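The values are calculated or read from the model by the stated rules, or taken from the named source; none is laboratory data. Fair warning: this is a prediction, and the values are worked out from it, not measured in the lab. Counting neighbours? That spans all protein chains shown, and the Cβs are built from the backbone with ideal geometry, glycine included.
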Amino acid sequence: YWVLRSNWAVRKKSKFYAGMLSLTAALLGFLFLLVPQVLESLVYYYYLVLGFAHARHSGYGYQWEPPPYGYPGLFFSKIPSLALAGFAVCFLTLGKAEQWKGEYRERSFFVLLATFSVLSWVGLLSVADKQAWRYAMPVLPGVYLVAAIGIDGLSRQFYGLSQYVARFLGSRHGSSSVGTISALLLTVIIGTQLGITSSWYPDYYLFRNSISGGLSVAVERNEVVPTCGLEPLYSFLNSNKVGRRQTFVTVCGDIDLVRYSYERHYPENPGRIEFTPFEGVYGGDYLLVFSAFREKCKPMIKEEDLPRLEEVFSYSRDKVQLSTIYKVTQPDLKDLFTYGIRGAFHQTGFRGHHEVLGDIISAAPHRSIPGYLSFGQHLLLGAGSYEVLFPLLIPASAKGRFDENKVVLRLEVGAEEKYVQFNEINPGEVSFVKMGFVREAERRVQLRTYWFGAVPVSIGSPSIIKRNSPSNDVSSAK
């Protein structure tokens with residue numbers, strides 16, 4: 001009753017708004033009493049948000065930095081230029097006295113309320129280091145409404161200017177004609193902005209306005225650019241499969257999205273193209289690199305690998321290359337060829353550097369649990385006989401502490417296995433343990449090392465060579 005009465009009192013609209021706010025709060029409180037799980041979920045959600053406030057943005061095995069200048073920077077770059085101009089005009093006109101009189105008064109209060117809601121929401125989100133555009137989207141309607149008010153004010157300025165020009169030119173050019181011209185001019189401006197925005201189809205999420213420098217500046221800043229252009233990439237790969245066998249594509253990017261999208265677009269063609277995580281250059285027939293991951297993949301691509309990568313396809317938007325497919329030329333393995341351990345995954349242990357071995361993965365009792373010390377190094381090998389050398393190092397302090405027959409590691413190449421005992425490695429010195437195997441046909445194999453958790457050990461980058469005859473050497477070379 002009080003709310004309705006305050007509504008009738010037109011001159012006391014503040015009472016009406018206060019009443020509506022009180023009524024809304026009362027209804028929400030009543031609903032929370034009926035369904036307390038909702039309130040509990042909200043409290044728990046914000047408790048988690050505060051708990052993860054300083055958690056870094058982790059994804060796809062990498063740590064992502066917050067966007068430059070946070071959410072203000074995202075708003076400045078992701079909102080169209082015309083909307084930014086309208087937003088600015090709206091606030092510039094708020095300083096005029098007539099904006100707080102008559103019919104403009106309520107609109108000015110609405111602008112302040114909408115802006116307050118945007119700043120409140122963005123302020124809460126800015127507490128966390130994990131910041132993304134999708135989290136700011138709930139307040140975009142408020143931003144665009146304020147921008148629309150600014151554009152409306154701009155059109156009124158155009159109309160007022162047209163009236164002044166009409167009076168200046170005289171009666172031969174009536175105010176209606178000049179007003180029409182100003183309306184057409186405003187239509188052209190809005191239409192141009194619509195054309196620019198629609199030109200980004202279907203990759204609207206890549207949009208960056210011209211005021212911020214566009215997409216090219218975002219890529220130069222190493223901002224996270226969403227995965228895009230998948231359909232043309234799939235079309236190229238389907239048209240360039242490798243013979244009759246399965247085609248392998250290593251992906252430096254969002255591997256889960258690439259797999260899911262491919263299965264959705266080509267449900268009738270499962271298994272013909274296998275997408276695998278990037279663990280090195282030579283794990284597949286093709287290497288697919290997305291621009292957002294390019295800098296993070298560079299350390300695993302050596303300078304001597306570059307001549308073996310031939311760019312065969314790329315996808316660009318706004319003159320920016322966003323994804324690239326490279327055809328990989330596999331080494332002939334006539335000479336000893338080393339596969340960097342940096343590209344391998346590890347289930348246990350920790351990474352480090354050794355003055356002789358370079359990059360290593362190490363494991364030690366009481367610090368690491370039994371598990372795969374390295375895995376994920378996939379190699380495409382043709383038919384023939386091969387030999388792999390695994391560089392291993394046991395600290396000198398381990399000498400005399402373990403039984404000579406103690407099993408340290410299990411070396412795996414595809415389905416082949418070899419157990420390495422303590423007496424095969426000289427503590428304090430780098431040892432190269434050989435493992436020979438034969439392939440009857442071209443196939444993809446994986447190098448793995450399993451650590452049993454007892455003896456401290458480090459493993460370096462394995463090397464492989466093709467032999468003319470089968471080799472089943474199980475000895476160790478120092």
Filter result for Arg264 (part of a helix (DSSP H, G or I) and out of contact with any strand residue (DSSP E or B) (no Cβ under 6 Å at 6 or more places or on another chain)): yes
Hey, does the stretch 342-363 have a residue that's modelled with pLDDT under 90, touching an Asp or Glu at 6+ places or on another chain (Cβ under 8 Å) and surrounded by fewer than 16 Cβ atoms within 10 Å (Cβ to Cβ)? yes
Subset of the stretch 305-333 [over 15 Å from Asn240 (Cβ atoms), surrounded by fewer than 15 Cβ atoms within 10 Å (Cβ to Cβ) and either aromatic (Phe, Trp, Tyr) or more than 22 Å from the chain's Cα centre (by Cα) (or both)]: Leu306, Pro307, Asp332
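Among the residues of the stretch 379-423, count how many are closer than 15 Å to Leu333 by Cβ and touching a residue at least 40 places away in the same chain (Cβ under 8 Å).
Quick first cut of the stretch 379-423, residues closer than 15 Å to Leu333 by Cβ only: 379-389, 413.
Going one step further and asking which of them are touching a residue at least 40 places away in the same chain (Cβ under 8 Å), we end up with 379-389.
The qualifying residues number 11.
Has the stretch 244-257 got at least one residue that is buried (at least 17 other Cβ atoms within 10 Å of the Cβ), assigned to a loop (DSSP other than H, G, I, E, B) and in contact with a helix residue (DSSP H, G or I) (Cβ under 9 Å, 6 or more places away or on another chain)?
Yes: the stretch 244-257 contains one or more residues that are buried (at least 17 other Cβ atoms within 10 Å of the Cβ), assigned to a loop (DSSP other than H, G, I, E, B) and in contact with a helix residue (DSSP H, G or I) (Cβ under 9 Å, 6 or more places away or on another chain).
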Could we say that Tyr282 is over 29 Å from Ser216 (Cα atoms), crowded, with 20+ Cβ neighbours inside 10 Å and out of contact with any Ser or Thr (no Cβ under 7 Å at 6 or more places or on another chain) here? yes
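Of the residues that make up the stretch 335-356, is at least one within 28 Å of Pro226 (Cα to Cα), among the basic types (Lys, Arg) and either assigned to a strand (DSSP E or B) or in contact (Cβ under 8 Å) with a residue 40 or more places away in the chain (or both)?
Applying the first criterion (within 28 Å of Pro226 (Cα to Cα)) to the stretch 335-356 yields 342-346.
Next cut, among the basic types (Lys, Arg) only: 342.
Filter again for either assigned to a strand (DSSP E or B) or in contact (Cβ under 8 Å) with a residue 40 or more places away in the chain (or both), leaving 342.
Yes.
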Flagged in the stretch 204-220 as over 18 Å from Leu84 (Cα atoms), out of contact with any Lys or Arg (no Cβ under 8 Å at 6 or more places or on another chain) and surrounded by 13 or more Cβ atoms within 10 Å (Cβ to Cβ), in numbering order, are Val219
From Phe110, Phe168, grab the single residue that is of a type in the set (A, V, I, L, M, F, W, C) and modelled with pLDDT under 75. Phe168
Name the residues in the stretch 364-391 that are over 31 Å from the mean Cα position of the chain (by Cα), under 22 Å from Tyr419 (Cα atoms) and of a type in the set (Gly, Ala, Ser), would you? Ala364, Ser385
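Of all the helices (runs of 4 or more DSSP H) wholly in the stretch 70-152, which have at least 1 residues that are β-branched (Val, Ile, Thr) and touching a Gly at 6+ places or on another chain (Cβ under 7 Å)? Outline the logic, then answer.
Working: elements: 70-78, 81-93, 103-125, 133-136.
Hits in the stretch 70-152: 81-93, 103-125.
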Only one of (1) closer than 30 Å to Phe76 by Cα; (2) in a helix (DSSP H, G or I); (3) of a type in the set (A, V, I, L, M) fails for Ile211. Which number is that? (2)
Which ones in the stretch 10-28 are surrounded by 11 or more Cβ atoms within 10 Å (Cβ to Cβ) and either hydrophobic (A, V, I, L, M, F, W, C) or at pLDDT 75 or above (or both)? Phe16, Ala18, Gly19, Met20, Leu21, Ser22, Leu23, Leu28
Among residues of the stretch 141-153 being surrounded by fewer than 18 Cβ atoms within 10 Å (Cβ to Cβ) and touching a residue at least 24 places away in the same chain (Cβ under 8 Å), the residue nearest to the chain's Cα centre (by Cα) is Tyr144
Is the stretch 385-404 home to any residue that is modelled with pLDDT of 90 or more and of a type in the set (Lys, Arg)? no
